[in-house]
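The values are calculated or read from the model by the stated rules, or taken from the named source; none is laboratory data. Source: prediction; values computed, not measured. Neighbour counts are summed over all protein chains in view; Cβ atoms, including those assigned to glycine, are modelled from backbone coordinates with ideal geometry. Each accessible area value is taken on the protein alone, full model and side chains, heavy atoms only, with ligands, DNA and RNA left out. Shrake-Rupley method; radii C 1.70, N 1.55, O 1.52, S 1.80 Å.
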Amino acid sequence: MDTSMSTQVIGEIIGTMVLVLLGDGVVAGVSLRKTKAEGAGWIAITLGWGAAVTIGAYAAGYMSFAHLNPAVTIGMAIAGKIGWDMVVPYILGQMIGAIIGAVLVYIHYYPHWKETKDQATILGVFSTGPAIRSLGANLISEIIGTFVLVFALLTFGMSKFGDGLNPIAVGILILVIGLSLGGTTGYAINPARDLGPRIAHAFLPIPNKGGSDWGYSWVPVVGPIIGGILAALLFMALPM
């Protein structure tokens, strides 16, 4: 990519901000009390997240590689698709964008936090949590989901079906991961998408909120990174 590093970081900030604003936004619409979309369910959430990733990727794509995900950035560096000097700036941009996106969700749904009394529901707008809390199993779920994500992204880069359609394919990929694998942990598959909004949840003055569940917070960070690394290693081991 010919653009400067500062421009690429801005791209990652904007793209991840859009991803979290629209992704956490659909969760807020479905989960919070007295919204028009209240109770729309898991299908609406997975469709919304798939579209959120597509729009975030298009928003960033002319400025950066539109990773929008530290696990993707690390996996791409291991696979030799980007230089290691890009990893830390990209991840910082992704974290900043995720926090900004979460703050915008808070502002957008401002009256609805007071109407929502359940603390877990409020936290669930910002970050993921397991359906059954079993940290080992939860970690494996995040590893598998992110492995599928990063391996598929690496293989997408080998095809010629049209670069302009890549974000749409990625959105479909996120949708199917959510439908097929997301029911266990809420499929963070992205450390920035989970940790950034969790930080925002911790400092925002949200009515009725409880703790930010820091005891679980490492799972959607470590799991996706491991999954991304394993995907990159398998990709490199395959014959080209």
Output the helices (runs of 4 or more DSSP H) that fall wholly within the range 148-240 and possess 1 or more residues being farther than 25 Å from residue 130 by Cβ, open to solvent by 10 Å² or more (accessible area, probe 1.4 Å) and without any contact (Cβ under 8 Å) to a residue 24 or more places away in the chain, or say none. 166-181, 219-237
Please go through the range 18-46 and give me each residue that is part of a helix (DSSP H, G or I) and hydroxyl-bearing (Ser, Thr, Tyr), ordered by number. 31, 46
Residue hits (the range 45-67; open to solvent by 30 Å² or more (accessible area, probe 1.4 Å) and more than 22 Å from residue 157 (Cα to Cα)) are 47
When only residues in the range 31-88 that are touching a Phe, Trp or Tyr at 6+ places or on another chain (Cβ under 9 Å) and among the aromatic types (Phe, Trp, Tyr) count, which is farthest from residue 120 (Cα to Cα)? 65
So, of the residues in the range 92-118 that are among the hydroxyl-bearing types (Ser, Thr, Tyr) and open to solvent by 10 Å² or more (accessible area, probe 1.4 Å), which turns out to be farthest from residue 70 (Cα to Cα)? 110
Would you please list the contacts, defined by Cβ atoms under 9 Å and residues six or more apart or on different chains, that run from a residue in the range 22-41 that is closer than 9 Å to residue 105 by Cα to a residue that is basic (Lys, Arg) and in a helix (DSSP H, G or I)? 24/193
Given (1) in contact (Cβ under 8 Å) with a residue 60 or more places away in the chain; (2) assigned to a loop (DSSP other than H, G, I, E, B); (3) closer than 22 Å to residue 180 by Cα, residue 49 misses just (2)
When you look at residue 130, is it surrounded by fewer than 17 Cβ atoms within 10 Å (Cβ to Cβ) and touching a residue at least 24 places away in the same chain (Cβ under 8 Å), yes or no? no
